[in-house]
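See below for the structure under consideration.
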């Protein structure tokens with residue numbers, strides 16, 4: 001049976017520049033957001049797996065030679081040296097269980113070298129207001145510190161500019177490059193987060209691992225990709241017109 005050569009579809013697609021460009025722009029944004037969330041999930045999953053893998057390894061000794069920061073990230077480490085209290089400073093805005101406080105960071109001169117490494121010795125309460133810094137005693141003599149290597153973030157937040165005291169005893173972030181440049185000392189590119197029971201003092205050392213939000217990031221990615229698909233379907237339906245009867 002031959003098809004009727006005069007048959008035409010009862011609907012047709014109508015191309016319009018403005019809706020097409022708006023749809024394309026919307027697709028670019030939605031797909032970018034989906035890929036961004038998916039990438040965050042993949043990076044977080046890799047970080048969590050790395051932490052879990054390296055946690056089962058024995059501690060690596062940190063000496064005077066500079067380490068590869070990314071290769072040592074999240075690895076248990078051990079270092080021996082002497083604290084230099086004159087270089088000690090505090091990290092601002094470190095609450096613990098709703099209480100205001102600070103993190104105490106002290107440089108440690110590594111034995112048999114001129115290399116220093118920053119040790120985050122833990123959290124201290126800050127009850128007397130911003131004008132009075134806490135008094136924290138520093139161990140004297142050679143000590144052996146155990147902890148986990150951490151690479152400080154170098155991100156700068158637009159809404160949180162550096163305070164004028166950034167180079168003093170109170171700081172908003174750890175700037176290893178800035179500290180090394182100011183002191184002229186060789187500084188390891190990691191900070192050691194001291195183990196909870198590694199020293200007998202009043203500092204609180206509770207380093208919570210990153211929250212496992214891998215599934216949440218991937219769910220957000222699925223939503224963005226779903227919205228992109230919905231936009232395409234809406235565009236197609238809105239661009240289809242019924243043919244007028246001759």
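Just so it is clear, none of the values below were taken in a lab; they were calculated from the coordinates. Please read all numbers here as calculations on a predicted model, not as lab measurements. Note: ideal-geometry Cβ built from the backbone for every residue, glycine included; neighbour counts use all protein chains shown.
Pairs of Cα atoms nearer than 8 Å and 6+ residues apart set the relative contact order; for the chain it is 29 percent. Sorting the segments 111-119, 182-190, 56-64, 134-142 by their residues' average number of neighbouring beta-carbon atoms within 10 angstrom, most packed first, yields 111-119, 182-190, 56-64, 134-142. Packing here is the average count of other Cβ atoms within 10 Å per residue, and on that basis the peptides 70-79, 227-236, highest first, run 70-79, 227-236.
Please work out whether the chain counts as rounded, prolate or oblate from its C-alpha gyration tensor, where a ≥ b ≥ c are the square roots of the eigenvalues and a/c under 1.5 means rounded, while otherwise a/b larger than b/c means prolate and anything else oblate? In terms of gyration-tensor shape, prolate.
Residues 83, 32, ranked from the fewest to the most other C-beta atoms within 10 Å, line up as 32, 83.
This ranking places 198, 42, 215 by how few other beta-carbon atoms lie within 10 Å of each, fewest first, which gives 215, 42, 198. Among 224, 17, 123, 36, the ranking by other beta carbons within 10 Å of each residue's beta carbon, starting with the fewest, stands as 17, 36, 224, 123. Placing pseudo-labels 7 Å out from each Cα toward the beta carbon at residue 140 and residue 233 gives an inter-label distance of 7.5 nm. Over segment 1-139, Cα pairs under 8 Å with separation of 6+ residues give a relative contact order of 15 percent. Whole Å is fine, so just give me how far the alpha carbon centre of segment 168-246 lies from that of segment 114-142. Cα centres, segment 168-246 to segment 114-142: 28 Å.
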